[in-house]
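One structure is given here, and the rest of the page talks about it.
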Amino acid sequence: MGKLLMLMLFALVLTTPCCCDGDMNRAVDEGVKIDHETANAFVRRQKRSYPYYERYYEMFKSPLELKQEQCENYAPCDYYSELVGFHAAYRQFFGNV
């Protein structure tokens with residue numbers, strides 16, 4: 001009984017690479033195929049912003065951004081803001097923020 005079991009196990013070990021070899025190569029050669037809808041479910045593109053929103057933000061800047069530009073245009077404030085930060089530099093040269 002032990003010899004028969006060993007013989008069957010040996011035969012199984014020898015035949016396994018022959019049976020599985022063709023399936024593995026075929027899968028590698030073909031690659032992974034996914035339909036278009038399934039692929040789009042995983043990858044979502046970022047939507048473009050609308051042009052009128054971009055124009056709106058270019059025309060109307062926030063008050064903080066206007067103050068930063070004012071400080072950048074004045075050389076002593078710009079230099080001081082690199083040392084202590086924007087808020088402290090603006091307060092020093094132009095008053096409260």
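Some notes on this structure:
- The residues in segment 67-97 that are loosely packed, with under 11 Cβ neighbours inside 10 Å and at pLDDT below 90 can be counted, and the count is 2.
- Flag for ASP21 being part of a helix (DSSP H, G or I), modelled with pLDDT under 75 and loosely packed, with under 10 Cβ neighbours inside 10 Å: no
The values are calculated or read from the model by the stated rules, or taken from the named source; none is laboratory data. These numbers were taken from a predicted model, which means no experiment stands behind them. Ideal geometry is used to build each Cβ from the backbone, glycine not excepted, and the neighbour counts take in all protein chains shown.
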